[in-house]
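The structure under discussion appears below in the form of structure tokens.
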Amino acid sequence: MDPAPATPRWNLERPYLTGRFHQEAKVSAASQAPGSKPFSLDSFSRGAGGGAGSVLGSYAVSVQELLVIDDLLSALVGIEGRYISIKRVRGKEGYVVFQIDSSMDLALQELTRRIFPLCEDFVLASQFVESRSHFKTGLVNHALAAALRAFLLDYQAMVAQLEHQFRLGRLSVQGLWFFCQRMMSSLNALAVLIEKAMSNNTSGSATLNLLHSQAKAMAGDSAVRSLLEKMTDCASAAYLRMLERWVYEGVIDDPYGEFFIAENKSLQKESLTQDYDAKYWQQRYSLKDGIPSFLNNVAATILTTGKYLNVMRECGHNVQVSLSENSKLTSFGSNHQYLECIKSAYDFASGELLTLMKDKYDLIGKLRSLKRYLLLDQGDFLVHFMDIAREELTKKPEDISVEKLQSLVDIALRSTAAASDPSHEDLTCCVERSSLLKKLTSLKDLDCAYSSDKLAAADVDQPMTLNITGLETFCLGYKIPWPLSLVISRKALTKYQLIFRLLFHCKHVSRQLCQAWQIQQGFRSVKILGTPILRSSILCRSMLKFVLEPNWHSMHGRLQTARSIDEVIQIHDFFLQKCLKECLLLLPELLMKVEKLKALCLQYATSIQLLIPSIEVAAAESKSKSGSSRARAKRSQDRDEQLKLASENVVMSQSILKFESEFNAELQSLVPTLSKSSQAEPYLTHLAQCILGVGIDQ
């Protein structure tokens with residue numbers, strides 16, 4: 001906000017120009033021009049210089065009345081007379097008291113003192129108008145000062161009419177008192193308002209709140225209340241213009257910092273795709289303290305309306321709210337017309353932005369694309385990628401070439417059904433430097449039921465941590481353009497990536513188990529290994545079938561009925577949080593058990609792929625030494641014989657039984673944890689049934 005312009009010095013130094021002349025006791029000689037004569041209050045009094053004739057009590061009562069009326073007419077506009085003086089109240093800016101010559105007739109003194117409050121209120125109002133007309137006091141105070149100035153012009157017109165009656169000889173002190181009654185109550189109400197405004201140094205919404213409360217307090221006096229409501233309407237005119245520009249254009253036109261919405265220009269929209277903790281949407285525009293009381297209930301709606309318009313303007317989408325006579329904000333009156341205007345503006349801005357996001361920027365299509373790649377919905381692409389990138393993914397993270405992985409991703413995309421997806425070019429890849437469990441500890445805002453210290457300790461205990469490879473750290477990314485980054489922010493994308501890393505590694509484990517399964521198909525008659533393998537490989541399929549798909553369909557249905565971008569953001573965040581939880585990423589005790597099961601499965605698969613082929617090779621070599629060539633039918637028979645030899649191999653049988661024993665032990669330790677958790681989390685029931693073998697035959 002630019003600093004307010006300074007008030008010219010000449011506007012402060014000329015007492016007659018500012019109306020402060022009656023408050024100047026004396027101007028020091030040092031501040032006077034050479035040869036100029038210092039002035040004082042006495043120099044403004046008519047007939048100053050005294051003598052016995054200047055004592056008011058020396059005149060007849062009828063003469064005293066004429067003299068005091070002449071002085072009262074001057075006092076009513078803040079000017080000292082010959083027998084009425086003005087004294088400044090020390091320590092109070094703008095406050096004065098009027099005093100009368102004590103020698104005056106007592107009855108006249110009493111009537112005169114009754115009129116003094118009107119004179120003092122006028123001086124106070126004049127000083128308030130002058131002080132609140134400076135630039136720094138803000139537009140609301142400027143508007144209030146202008147309204148008070150107009151009121152004081154009417155007051156001065158009344159004084160001029162009374163002076164005319166006095167010149168015609170038709171005005172007495174009692175008549176003066178009578179004619180001032182109507183103006184006295186009004187000016188007194190304004191003086192009370194001014195005193196509170198000056199003591200609290202109000203501006204902007206604080207001034208409007210004060211006017212609003214004072215008008216309500218005067219419910220018993222219709223004339224005064226009408227006056228205060230008129231002052232409120234005048235003062236709020238500038239505020240209404242600010243509000244109109246915000247809800248109809250999304251522009252903050254607030255040169256003096258009075259509006260209740262603040263803009264933080266240091267927050268840029270680019271942070272949404274770069275910073276996990278980006279606060280752009282929450283804090284680029286925010287509510288300040290001191291919201292006008294009559295806008296309290298709709299302040300959030302007003303803020304959101306302007307934010308939506310700003311998003312569209314940032315997109316280069318020129319939107320103009322159609323303004324009719326009914327949609328103009330004319331006042332904050334009791335008919336609440338302004339509330340209807342605000343609601344209409346919000347509905348328009350919300351609908352326009354939602355249509356823009358869905359139609360022009362294809363929000364649903366982008367979400368579907370994220371599901372296709374980061375939630376493993378595009379199976380052929382992933383299988384092809386894992387085949388061609390096997391060598392690179394088995395390296396340590398620091399040895400992996402991200403550029404090479406990106407080229408392999410592009411090859412997999414172009415050579416599968418994903419090539420028909422117009423969004424596939426936005427897919428990127430990266431390699432993290434830490435395990436999934438450590439990544440979870442670094443994200444402090446996840447709704448996890450564990451301490452980071454406990455999870456970090458468990459991560460260190462994992463046997464795979466020391467030999468972590470690209471299979472555990474590989475991750476897909478996605479280029480999200482503005483304004484879709486409002487919904488798919490860095491934080492949302494990180495949650496997608498957490499789910500992807502879990503599923504990608506589960507997919508790798510499943511593929512390894514499938515290869516081991518194919519190698520030992522000949523062992524079906526021996527009836528070993530079938531149950532452990534089936535229970536292990538079902539984990540990834542269960543998450544895809546019973547967690548991600550139902551939640552996606554639920555989110556997709558709710559997005560179709562969403563009425564605002566904030567509602568879309570809320571639905572999307574809820575979907576991601578639910579997926580994280582139901583994929584066990586927010587349940588550390590279960591997640592660590594799953595990690596141990598996956599480690600056992602990989603050890604088993606590796607052992608099978610090493611042991612059986614070595615036995616087969618040995619058997620083949622013994623056959624080749626016999627020197628006989630076999631036909632195709634004979635090779636099949638040899639294969640059966642080799643499998644028989646393998647099944648009778650003691651080392652392999654012991655290894656398999658050891659893995660099965662360890663695997664079953666881990667499963668059994670998972671039973672109480674799943675049983676306990678499934679009571680609070682019903683979605684775990686089905687997963688428990690699948691993993692523990694109930695319903696496997698289905």
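The values are calculated or read from the model by the stated rules, or taken from the named source; none is laboratory data. In this text, all values refer to a predicted model and were calculated from it rather than measured experimentally. Because the Cβ atoms are built from the backbone with ideal geometry, glycine has one as well, and the counts that use them run over all protein chains shown.
Quick notes on this one:
- On the stretch given as the stretch 264-308, residues that are in contact (Cβ under 8 Å) with a residue 24 or more places away in the chain, within 22 Å of Lys444 (Cα to Cα) and aromatic (Phe, Trp, Tyr) total 2.
- Residues that are touching a Cys at 6+ places or on another chain (Cβ under 9 Å) and either within 14 Å of Leu587 (Cα to Cα) or modelled with pLDDT of 70 or more (or both) within the stretch 660-698 comprise just one, Phe663.
- Scoring Leu153 on the criteria (1) out of contact with any helix residue (DSSP H, G or I) (no Cβ under 6 Å at 6 or more places or on another chain); (2) aliphatic (A, V, I, L, M); (3) closer than 20 Å to Leu67 by Cβ leaves a single failure, condition (3).
- Scanning the stretch 255-279 for residues that are of a type in the set (D, E, K, R) and either modelled with pLDDT under 90 or surrounded by fewer than 20 Cβ atoms within 10 Å (Cβ to Cβ) (or both) returns Glu263, Lys265, Lys269, Glu270, Asp275, Asp277, Lys279.
- Count of residues meeting criterion [over 20 Å from the mean Cα position of the chain (by Cα) and of a type in the set (Asp, Glu)] in the stretch 240-253: 2
Every residue, every condition in (1) in a helix (DSSP H, G or I); (2) within 21 Å of Leu187 (Cβ to Cβ); (3) among the acidic types (Asp, Glu), yes or no:
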{"site": "Phe98", "(1), (2), (3)": "no, yes, no"}
{"site": "Ser102", "(1), (2), (3)": "no, no, no"}
{"site": "Thr112", "(1), (2), (3)": "yes, yes, no"}
{"site": "Leu118", "(1), (2), (3)": "yes, yes, no"}
{"site": "Leu124", "(1), (2), (3)": "yes, yes, no"}
{"site": "Glu130", "(1), (2), (3)": "yes, yes, yes"}
{"site": "Ala143", "(1), (2), (3)": "yes, yes, no"}
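- Residue within the stretch 391-401 that is acidic (Asp, Glu) and under 30 Å from Gln560 (Cα atoms) present: no
- Contact map, the stretch 99-120: residues that are in contact (Cβ under 8 Å) with a residue 40 or more places away in the chain paired with residues that are of a type in the set (Gly, Ala, Ser) and in a helix (DSSP H, G or I), Cβ distance under 6 Å, separation 6+ or inter-chain. Pairs shown: Ser103/Gly57; Cys119/Ala75.
- Screening the stretch 153-191 for residues that are assigned to a helix (DSSP H, G or I) and small (Gly, Ala, Ser) and picking the one that is farthest from Ser126 (Cα to Cα) gives Gly175.
- Test result for Leu353, touching a Cys at 6+ places or on another chain (Cβ under 7 Å) and buried (at least 16 other Cβ atoms within 10 Å of the Cβ): no
- Residue within the stretch 89-98 that is surrounded by fewer than 21 Cβ atoms within 10 Å (Cβ to Cβ), of a type in the set (A, V, I, L, M, F, W, C), in the same structural domain as Val61 (by TED's automatic domain parsing) and out of contact with any helix residue (DSSP H, G or I) (no Cβ under 8 Å at 6 or more places or on another chain) present: yes
- Pick from the stretch 286-309, criterion of a type in the set (D, E, K, R) and in contact with a strand residue (DSSP E or B) (Cβ under 8 Å, 6 or more places away or on another chain), ranking: farthest from Ser205 (Cα to Cα): Lys307
- Ser186 vs. criteria hydroxyl-bearing (Ser, Thr, Tyr) and within 26 Å of Ala157 (Cβ to Cβ): yes
- Residue within the stretch 184-194 that is closer than 24 Å to Asp254 by Cβ and touching a residue at least 40 places away in the same chain (Cβ under 8 Å) present: no
- Taking the stretch 61-81 as the range and being outside any helix (DSSP H, G or I) and modelled with pLDDT of 90 or more as the test, the residues that pass are Leu76, Val77.
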